[in-house]
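Take a look at the structure set out below.
The values are calculated or read from the model by the stated rules, or taken from the named source; none is laboratory data. None of the values given here were measured: they were computed from a predicted structure. No Cβ is skipped: glycine too gets one built from the backbone with ideal geometry, and neighbour counts run over all protein chains shown.
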Amino acid sequence: MHDAARPCVPVEALRRLVETLGGDPVGGLLAVPVADTLKHGDGGADDPRVVRTEDRRQLWQAQTPQMFRYGVLVRACAEPGAMEATDESSLVERLAERGACTMPRLVMGSRANLKITWPEDFALAAAILAAQAEIKGGT
């Protein structure tokens, strides 16, 4: 599945997704290894403090599109609490935790696959799309 929040997904990433998951019994998602140092905070609204630094070596940043077998996705979406999930992979992961399927595969995404979340993301997305158009056009 894909949404308009990631308009810059490169064609090469889409090809990798389809080629990698074409024969997979469950499916998976585009993702990139986490590059930033991640801090776990204490949740303090006015004066937040670091609780610990997370080990990022096995952490991946999920992206869209995500691609799953229809039957698996239908079962996952029918689960209680499905409306609270932040992505389809989370739903499939719940099925996998119960042994109903294997865990989703991670397929190398692209750092250019920016998620539009904050107002300043629009300018960055415009620059990425312009660069992609320039590369595609060969100019």
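Observations on the model:
- So A125, is it surrounded by 15 or more Cβ atoms within 10 Å (Cβ to Cβ), at negative phi and in contact with a Cys (Cβ under 8 Å, 6 or more places away or on another chain): yes
- Restricting the first member to the range 20-45 and to residues that are in contact (Cβ under 8 Å) with a residue 60 or more places away in the chain and under 14 Å from R105 (Cβ atoms), and the second to residues that are surrounded by 10 or more Cβ atoms within 10 Å (Cβ to Cβ) and of a type in the set (D, E), the beta-carbon pairs closer than 9 Å and six or more apart or on different chains are G27/E88; L29/D87; L29/E88.
- Residues in the range 42-57 that are at pLDDT below 95 and of a type outside the set (D, E, K, R) were compared, and the one that is surrounded by the fewest Cβ atoms within 10 Å (Cβ to Cβ) is A45.
- Selection status of E93, without any contact (Cβ under 8 Å) to a residue 24 or more places away in the chain and touching a Pro at 6+ places or on another chain (Cβ under 7 Å): yes
- If the condition is being among the charged types (D, E, K, R) and under 23 Å from R69 (Cα atoms), then the range 104-131 contributes only R105.
- Extreme residue, surrounded by the most Cβ atoms within 10 Å (Cβ to Cβ), among residues of the range 79-108 that are modelled with pLDDT of 95 or more and of a type in the set (S, T, N, Q): S89
- Scanning the range 91-131 for residues that are of a type outside the set (K, R), outside any loop (DSSP other than H, G, I, E, B) and within 20 Å of E19 (Cβ to Cβ) turns up V92, L106, V107, M108.
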